[in-house]
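*Asks:* Dropping the structure in here first, questions after.
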């Protein structure tokens, strides 16, 4: 049970806290601006590359008029501000904001741009081939959606180029995992990786090394006929490869 004095102190503190919070909100200059004024200030700050500060104004502009043309522009610029500021956390937030815009305004004339930016936000978080490729696969799917859903978009050609880069990363990841399995004696797993790589990524630029190690995996797993066929394919498709020279040296030895 609180004493009378303690009750008075608690009441006084409540008044101070309430007054202080109210004053803070009231004195925030952004909250005094109209949506148009806040959007204009956000645009100016974006041009100055002050992305974090710009977001404060843009968020206010969107919250005041979320369904207006200005509000839609503000929400999209919030996403852009995160993307342009960069860094893993900002790319995550950018993707979320672009998806929020996509969900709210699916028929927007900026839909192609938004889908492209979702892909770029994901691609900006991809890791090297020896690490997890979840973001790489998601980014590839997102770029392929740009190509499929917006075939006349100005971003289609870049989406194709970025897709090729991501596919090369995924292919290299399969090789790294296959080679790792081979060195550990996990022959079945190694063969599965190499075969999947050759089937799924025929455009991969280093199929000669895949064939070389696939032949080795077949040989070690006592599949001599498949090993021989793979070596012959290596020699016929890549006659100038260093792996052909290595295979010839091993055969002679």
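*Asks:* Relative to the longest principal axis of the C-alpha atoms of the chain, give the angle of the C-alpha long axis of helix 242-252, reported between 0 and 90° and rounded to the nearest 10°.
*Replies:* 40 degrees
*Asks:* Given a Förster radius of 35 Å and the C-beta distance between residue 200 and residue 109 as r, what FRET efficiency does 1/(1 + (r/R0)^6) yield to the nearest 0.05? Let's see the in-between values first.
*Replies:* Values: r = 36 Å, r/R0 = 1.02.
The calculated FRET efficiency here is 0.45.
*Asks:* Over the C-alpha atoms of region 61-109, what are the Rg and the largest Cα-to-Cα span, Dmax, in Å?
*Replies:* 10.7, 31
*Asks:* I'd like the orientation of helix 69-85 relative to the chain: the angle between its Cα long axis and the longest Cα principal axis, in ° from 0 to 90, rounded to 10.
*Replies:* Result, in degrees: 50.
*Asks:* Okay, which of region 82-124 sit inside 16 Å, backbone N to the point 7 Å along the Cα-Cβ direction of residue 152?
*Replies:* 108-113
*Asks:* Normalised by the number of residues in the chain, what is the relative contact order in percent for Cα pairs under 8 Å and 6+ residues apart?
*Replies:* Values: 279 pairs, mean separation 21.1, N = 253.
Reported relative contact order: 8 percent.
*Asks:* Moving on. Determine one quarter of the surface area of the Cα convex hull of region 25-88, which equals its mean projected area, and express it in nm² to one decimal.
*Replies:* Details: hull surface 17.1 nm².
Taking a quarter of the hull surface, the average projection is 4.3 nm².
*Asks:* Using only the C-alpha atoms of the chain, find the volume of their convex hull and express it per residue in Å³. Present the calculation step by step, with values, prior to reporting the outcome.
*Replies:* Numbers: hull volume 57.9 nm³, N = 253.
Normalising the Cα hull of the chain by residue number yields 229 Å³.
*Asks:* What is the angle, in °, between the Cα long axis of helix 4-27 and the longest principal axis of the Cα atoms in the chain? Nearest 10 is fine, range 0 to 90.
*Replies:* The answer is roughly 70 degrees.
*Asks:* Once the cut-off is 27 Å, how many percent of the Cα-Cα pairs in region 49-190 end up in the long-distance tail? Don't skip to the end; give the middle numbers.
*Replies:* Values: 3240 of 10011 pairs.
Value for region 49-190 (Cα pairs over 27 Å): 32 percent.
*Asks:* Give the relative contact order (percent, whole number) for region 25-88; include only Cα pairs under 8 Å separated by 6+ residues. Write out the running numbers ahead of the final one.
*Replies:* Values: 73 pairs, mean separation 19.9, N = 64.
With pairs under 8 Å counted, the relative contact order is 31 percent.
*Asks:* On to the next question. Sort all Cα-Cα distances of region 149-212 into consecutive 10 angstrom bins from zero, then give the percent of pairs in each bin up to the one containing the longest distance.
*Replies:* Taking all Cα pairs of region 149-212, the binned fractions are 22, 41, 21, 12, 4 percent.
*Asks:* Taking other Cβ within 10 Å of each residue's Cβ, how do 30, 118 sort, fewest first?
*Replies:* On the way: 30 14, 118 26.
Neighbour counts put them in this order, fewest first: 30, 118.
*Asks:* Over all distinct alpha-carbon pairs, what is the Kirkwood Rh of region 103-184 in angstrom? Please list the in-between numbers first.
*Replies:* Values: mean 1/r = 0.0738 Å⁻¹.
Averaging 1/r across every pair of different Cα atoms and inverting gives 13.5 Å.
*Asks:* What full-extension length gain, to one decimal in nm, is calculated for residue 220 and residue 237 as 0.36 nm per residue of separation minus the Cα-Cα distance?
*Replies:* On the way: separation 17, 0.36 × 17 = 6.12 nm, distance 2.29 nm.
So the chain would gain 3.8 nm between residue 220 and residue 237.
*Asks:* Here is a further query. Stick to Cα atoms and the Kirkwood definition of Rh, then tell me Rg/Rh for region 180-230. Provide the component values of the computation, followed by the final result.
*Replies:* Details: Rg = 10.3 Å, Rh = 10.8 Å.
Rounded to two decimals, Rg/Rh equals 0.95.
Each reported figure results from applying straightforward, stated rules to the coordinates on display, with no laboratory input. Keep in mind it's a predicted model, so treat the numbers as computed, not measured. Reconstructed Cβ throughout: ideal geometry from the backbone, glycine too, with neighbour counts over all protein chains shown.
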